[in-house]
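Quick notes on the structure that follows.
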Amino acid sequence: AVRCADGSVVRAGRLLIATGLVDELPELPGLRERWGRDVLHCPYCHGWEVRDEPVAVLATGPFAVHQAQMWRNWTDRVTLLTHLRPLAGEERELLSALGVAVAEGEVTGLEVTGDRLAGVTLAGGARVVCTALVVGPRFTARAGVAASLGLPVATVERAGAEIGTCLEADPVTGATALRGVWAAGNVAAPMEQLAGAAAAGVRAAVAINGDLIEEEGLRALEAHRAAGRGGGGAQGASGRS
């Protein structure tokens, strides 16, 4: 059974957890309010909308340079904001070779004009013009329901760096370590996009349906055998009397 926030209880023979994840953003004034609008993450999801525009990449982790390279596919007006992450000499050389500008210093705020991002400000007072700001959030699985069932939540790493958490589940069927519980979508695969997450839901649904069919068959067989044994015994007793 699952208890909902309003106190109601839902009972079912199987449970599919598809609670998604939470994007944990860097602590920066005004950032969360612009998230998904002109503060972005994925070039494959949002690149077309900001093509050829000035894009700034906020360096918050080891993949900042890689992010700048990806967004360069959409615009040649990319600036990497070092923020709190110093760049290595080889990284600077690579960015220079690619024509990616570098702005030194901590980012202290966003500039918004007419409900559109216009730029960011640095600690020294400098301003960097951009109409889109790229950040790398931490992907944290919404695993409250899973945790209440005692299911393990794993750390997700990429190139040796932690990028978030996920609920452990079979990558094909979505089955978890707990009998009768499946997981699908970003709660189990944080890097998955919409189409892949939806497909995972379909695969899990097929697996759940198959499991229910198998259980139904076993119960029917048990009932059939039990009825057969009972009927045979009664007939035998009647024949001897």
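The values are calculated or read from the model by the stated rules, or taken from the named source; none is laboratory data. These numbers come from a predicted model, not from an experiment. A quick note on method: Cβ atoms are made from the backbone with ideal geometry, for glycine too, and the neighbour counts reach across all protein chains shown.
Only one of these conditions is not met by residue 53: (1) in contact with a Gly (Cβ under 9 Å, 6 or more places away or on another chain); (2) assigned to a loop (DSSP other than H, G, I, E, B); (3) at pLDDT 95 or above. Which number is it?
Only one criterion in (1) in contact with a Gly (Cβ under 9 Å, 6 or more places away or on another chain); (2) assigned to a loop (DSSP other than H, G, I, E, B); (3) at pLDDT 95 or above is unmet by residue 53, namely (1).
Of everything in region 154-188, what is modelled with pLDDT under 95, under 18 Å from residue 137 (Cβ atoms) and outside any strand (DSSP E or B)? Give them in sequence order.
159
If you go through region 152-171 one residue at a time, do you hit one that is among the polar types (S, T, N, Q), surrounded by 13 or more Cβ atoms within 10 Å (Cβ to Cβ) and either over 25 Å from the mean Cα position of the chain (by Cα) or over 23 Å from residue 63 (Cα atoms) (or both)?
Of the residues in region 152-171, the ones among the polar types (S, T, N, Q) are 155, 165.
The next check asks that each one be surrounded by 13 or more Cβ atoms within 10 Å (Cβ to Cβ); those that pass are 165.
Still in the running and either over 25 Å from the mean Cα position of the chain (by Cα) or over 23 Å from residue 63 (Cα atoms) (or both): none.
Scanning region 152-171 turns up no residue that is among the polar types (S, T, N, Q), surrounded by 13 or more Cβ atoms within 10 Å (Cβ to Cβ) and either over 25 Å from the mean Cα position of the chain (by Cα) or over 23 Å from residue 63 (Cα atoms) (or both).
In region 4-21, what residues are within 26 Å of the chain's Cα centre (by Cα), surrounded by fewer than 16 Cβ atoms within 10 Å (Cβ to Cβ) and outside any loop (DSSP other than H, G, I, E, B)?
The answer is 10, and nothing else.
Would you check which residues across region 172-191 are surrounded by fewer than 17 Cβ atoms within 10 Å (Cβ to Cβ) and touching a residue at least 60 places away in the same chain (Cβ under 8 Å) and list them?
Taking region 172-191 as the starting set, the residues that turn out to be surrounded by fewer than 17 Cβ atoms within 10 Å (Cβ to Cβ) are 172, 177-180, 191.
Hit for region 172-191 is 180, nothing else.
Among the candidates 135, 145, which residue alone is over 23 Å from residue 41 (Cβ atoms), crowded, with 16+ Cβ neighbours inside 10 Å and touching a residue at least 40 places away in the same chain (Cβ under 8 Å)? Before the answer, list the steps.
On the way: 135 fails: over 23 Å from residue 41 (Cβ atoms).
Going through 135, 145 in turn, just one is over 23 Å from residue 41 (Cβ atoms), crowded, with 16+ Cβ neighbours inside 10 Å and touching a residue at least 40 places away in the same chain (Cβ under 8 Å): 145.
Taking the conditions exactly as written (surrounded by fewer than 17 Cβ atoms within 10 Å (Cβ to Cβ) and outside the structural domain of residue 187 (by TED's automatic domain parsing)), does residue 68 satisfy them or not? Please lay out each step first, then the result.
On the way: surrounded by fewer than 17 Cβ atoms within 10 Å (Cβ to Cβ): no; outside the structural domain of residue 187 (by TED's automatic domain parsing): yes.
The answer is no for residue 68.
Of the residues in region 12-55, how many are of a type in the set (A, V, I, L, M) and closer than 14 Å to residue 130 by Cβ?
Step one: filter region 12-55 for residues of a type in the set (A, V, I, L, M), giving 12, 15-18, 21-22, 25, 28, 31, 39-40, 50, 55.
Filter once more, so that each one left must be closer than 14 Å to residue 130 by Cβ: 28, 31, 39-40, 50, 55.
Residues in region 12-55 being of a type in the set (A, V, I, L, M) and closer than 14 Å to residue 130 by Cβ: 6 in total.
May I ask you to list the residues in region 27-40 that are assigned to a loop (DSSP other than H, G, I, E, B) and either touching a helix residue (DSSP H, G or I) at 6+ places or on another chain (Cβ under 6 Å) or surrounded by 18 or more Cβ atoms within 10 Å (Cβ to Cβ) (or both)?
Of all residues in region 27-40, those assigned to a loop (DSSP other than H, G, I, E, B) come to 27-30, 36-38.
Selection gives 28, 38.
To keep it simple, each residue is scored yes or no on (1) assigned to a helix (DSSP H, G or I); (2) touching a Leu at 6+ places or on another chain (Cβ under 6 Å); (3) among the aromatic types (Phe, Trp, Tyr).
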{"position": "49", "(1), (2), (3)": "yes, no, no"}
{"position": "57", "(1), (2), (3)": "no, yes, no"}
{"position": "62", "(1), (2), (3)": "no, no, no"}
{"position": "70", "(1), (2), (3)": "yes, no, no"}
{"position": "85", "(1), (2), (3)": "no, no, no"}
{"position": "92", "(1), (2), (3)": "yes, no, no"}
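When region 143-186 is examined, which residues are found to be acidic (Asp, Glu) and within 19 Å of residue 24 (Cβ to Cβ)?
From region 143-186, those acidic (Asp, Glu) are 157, 162, 168, 170; that's our starting set.
157, 162, listed by residue number.
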